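Every number here is computed from the coordinates shown, using simple stated rules; none is lab data. Worth saying up front: this structure is predicted, and the values here are computed from it rather than measured. Glycine gets a Cβ as well: all are built from the backbone with ideal geometry, and neighbour counts include every protein chain shown.
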2 protein chains.
Amino acid sequence: MRPVTSDEAAPGDPQDLPGGSPARAAARVTSRDVARAAGVSQAAVSLVLGDKWRGRVSPGKAEVVRSVARELGYRPNLAARSLRTGRTRTALLVVPALTTEFFARVYTGAARLAADHDFGVVLYPSPEGNGVAPSPFDSASAALDGVIASSMAADALAALRGAGLPLVMLDSDPDDPTAAAAVNLDIADGARQLATHLTGLGHRRITHLAADVESWTFAVRARALADVLADVPGAVLRRQPSALGVDAGRRAAHAALTGPGPRPTALLCDDDIIAAGACKAARRLGLRIPEDVSVTGFDDLALAVAVEPELTTVRLPAEEFGEAGMRALMAVLDGTPVEAATLPVALVPRGSTAPPPDAGHNTARPGGR
Amino acid sequence: MRPVTSDEAAPGDPQDLPGGSPARAAARVTSRDVARAAGVSQAAVSLVLGDKWRGRVSPGKAEVVRSVARELGYRPNLAARSLRTGRTRTALLVVPALTTEFFARVYTGAARLAADHDFGVVLYPSPEGNGVAPSPFDSASAALDGVIASSMAADALAALRGAGLPLVMLDSDPDDPTAAAAVNLDIADGARQLATHLTGLGHRRITHLAADVESWTFAVRARALADVLADVPGAVLRRQPSALGVDAGRRAAHAALTGPGPRPTALLCDDDIIAAGACKAARRLGLRIPEDVSVTGFDDLALAVAVEPELTTVRLPAEEFGEAGMRALMAVLDGTPVEAATLPVALVPRGSTAPPPDAGHNTARPGGR
DNA sequence: GCCAGGGCGTGTTACGTATAACGTCTGGCG
DNA sequence: CGCCAGACGTTATACGTAACACGCCCTGGC
């Protein structure tokens, strides 16, 4: 007694009216169903829909197969396909946290490009700090063709290396050879542009509100700043560590503005959120922005134009960044060689920067009207 | 030649050099490999690791199987499992856009709870406005066990209904019967609290900066406001439509503040981002916040405390919202009945609201010092 | 006149897993 | 003593797809 395959349901099948079974998902239509309806073999269906029928199926039958498939609403079973091919058309994007607008935009760009290649993107937000990181592969959606990882997610990287998966790094240390490919933002150039912008306005006492996160993207800011200011006579660069977040930025800025020595005339913040906090700190000290103190951000988030004054910042092409990362991964998967790419960034001058109060070589008089 | 698990990744291991096949993933270890190494049948391995071995495998052998599996670094092939079981342990989260902090947090909560059930979450950001929406099921990761959909993603809903998938709605119109379950935020209560807060301060001329997005979550705000103000003698509620975004909010607020008739003393905005724009508009008109005009937001995003003054707003428990949605979906998949849940929200009074300038029954005199 | 080969298509297999169906052996109960 | 009820395992499919290895027919070249 052979188990009856769903094939021989009935010769004169009464169409698709299940009637009896409520809340049951409609029985999936398989490639064999299409084959039967089109009068061909299942193999032919697979060939036609896989677009591999050049000299194997007549154009007429191919068209029939296609139309029948469409009519029946055929959707290939991805599990079966993956089992057969060994590939899943799914990429993992490892980001430090999704609630930051920047990485949400990176995801958006990556997902858009992935969709063009019939790829899906699944996220692995590496747990921030406290949580013990489960390996991304313990997750349910762990059938991956490749990985795109932000360098900020340093903790998750160890697990990725051993996996032998094609890996594209975003904003990684170029000396780190573990990745198959790398895509970078020209963070150093952005930091240089900011520093040049401030010194060009006349600022000499600049404090860098530096994110105290161990990450390439922040380390490179500090280095570029130092490089620029080293060439400016009389420039003094100080560094005030700050955690991420508005409130942390506020506290750090307070410390920087009330610390010993002459007050800095500009606060160069590692991201827009810290900068927003810095603005609050300055204002609570009775300092006007930008008249008494200039503040700059980084990233050009929506936040940058929501605060007052709007932040001078560096615009990072987040979506393009994600796109480029995914494009690189696609290239790696295709086996085509891919060279490291660096995306340009742009200074966006806005209202939070102006010449320092002592520009006319007289001392600052904050709060004066 | 056993594949090396990342556990024993020694600093100097020469293993990972395949030489012959470049960019090839290490051969996967299957349940049959484990079976062979443990001296049992593949079925036994499946039983043990599937935790279905109560009276079928001796505890001793079960332990052996488990340890061998761990040692070999066995990871079940999800494609094969899905093919066999017909389930994928993957849920789809449909959101209007991911770059909004709110939905990023919803995702975070949903993903966290999903992970507890060994589920993955894949996102479908319904294209905002312009883009022609590809059905979520055209996507590559279209092997889904269920769907959680925000009601804001109205355009994607049509495709979802026909699919016959278990569907949990987030913040849906309770009269809409298409979903298997629904989870809501008590938006109406939040709006009522805001309105009561403002009228309690003495405001009577309130303009609602209403998001011009067709969505239950915004419609319910308008209704609740109208309800509250109907009971306050002398209260006048006006409505100024606004698109989403800081700049749209600024324009709408400008229109509301410069329109005909007496100027409103409070702007009640449909979300924090619009509110941030409203603050900018007010300030550009020379109005102080909150002395001349009060502004309120909705959502309690990070933005709310980044602007100055900090926004009085309604805190929405976004992560819990996502968690609750996923919990409901899990219940639906388990077949256990699930009643609609409504999560409470909380008014967060901050610096952007104060009694109106005409509190002493004299007319407002804007800009005056 | 016969074979080579291209066009057209089908049968068959394997991917790795979960599970139904089937055995065996031991001890305990009537 | 007979026999059943587990405990303990194994064998055998089947899930739906992709692709290899064949076949059949027709046509053209020698």
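With a 10 Å cut-off around each Cβ of A:298-310, the average count of Cβ atoms from other chains is 5. Counted by neighbouring Cβ atoms within 10 Å, the residues A:TYR124, B:TYR74 run from fewest to most as B:TYR74, A:TYR124. Taking label points 7 Å from Cα along the Cα-to-Cβ direction, B:ARG87 and B:LEU285 give a separation of 5.7 nm. Here the range B:227-266 and the range A:55-70 have alpha carbon centers that stand 60 Å from each other. For B:GLY245, the residues whose modelled amide H falls within less than 5 Å of its own, excluding neighbours fewer than 5 places apart on the same chain, are B:ILE274.
Take the alpha carbon gyration tensor of the range B:27-76, find the square roots of its eigenvalues, order them as a ≥ b ≥ c, and report rounded if a/c is under 1.5; if not, report prolate when a/b exceeds b/c, else oblate. Prolate is the answer for the range B:27-76, as a/c is 1.5 or above and a/b outweighs b/c. Applying both filters, DSSP loop and at most 12 other Cβ atoms within 10 Å, to the GluC sites (Glu not before Pro) of the range A:288-354 gives A:GLU339. Karplus-based coupling profile of the range A:164-174, in residue order and whole Hz: x, 8, x, 10, 10, 9, 9, 6, 9, 4, x, with θ = phi - 60° in 6.51 cos²θ - 1.76 cosθ + 1.60 and x standing for Gly or Pro. With the Cα gyration tensor of the range B:187-316 giving a ≥ b ≥ c as the square roots of its eigenvalues, does the rule (a/c under 1.5 for rounded; else a/b larger than b/c for prolate; else oblate) give rounded, prolate or oblate? It comes out rounded by the Cα gyration axes. Could you tell me whether the range A:251-369 comes out rounded, prolate or oblate from its Cα gyration tensor? Rule is a ≥ b ≥ c as square roots of the eigenvalues, rounded for a/c under 1.5, then prolate if a/b exceeds b/c, otherwise oblate. The shape class here is prolate. Per-residue 3J(HN,Hα) values for the range B:295-305, derived from phi via the Karplus relation 6.51 cos²θ - 1.76 cosθ + 1.60 with θ = phi - 60°, read 9, 10, x, 7, 3, 6, 6, 4, 3, 4, 9 Hz in sequence order (x marks Gly and Pro). The HN-Hα couplings worked out from phi for the range B:66-77 by the Karplus form 6.51 cos²θ - 1.76 cosθ + 1.60 (θ = phi - 60°) are 4, 6, 4, 4, 5, 5, 7, x, 5, 10, x, 7 Hz, whole numbers, x standing for Gly and Pro. In the range B:241-369, the DSSP beta bridges split such that about 40 percent are antiparallel, to the nearest 5.
A cut-off of 5 Å between modelled amide H atoms, ignoring neighbours fewer than 5 places along the same chain, links A:VAL314 with A:GLY297, A:PHE298, A:ASP299, A:ASP300, A:VAL348. Note on A:ALA340/A:ALA230: beta-carbon distance plugged into 1/(1 + (r/R0)^6) with R0 of 22 Å gives a FRET efficiency of 0.25. Taking amide H as placed 1.01 Å from N in the peptide plane, the amide H of A:GLY120 sits under 5 Å from that of A:THR90, A:ALA91, B:ALA140, B:SER141, each at least 5 places away or on another chain. Counting neighbouring Cβ atoms within 10 Å and putting the fewest first, the residues B:HIS197, A:HIS208 line up as B:HIS197, A:HIS208.
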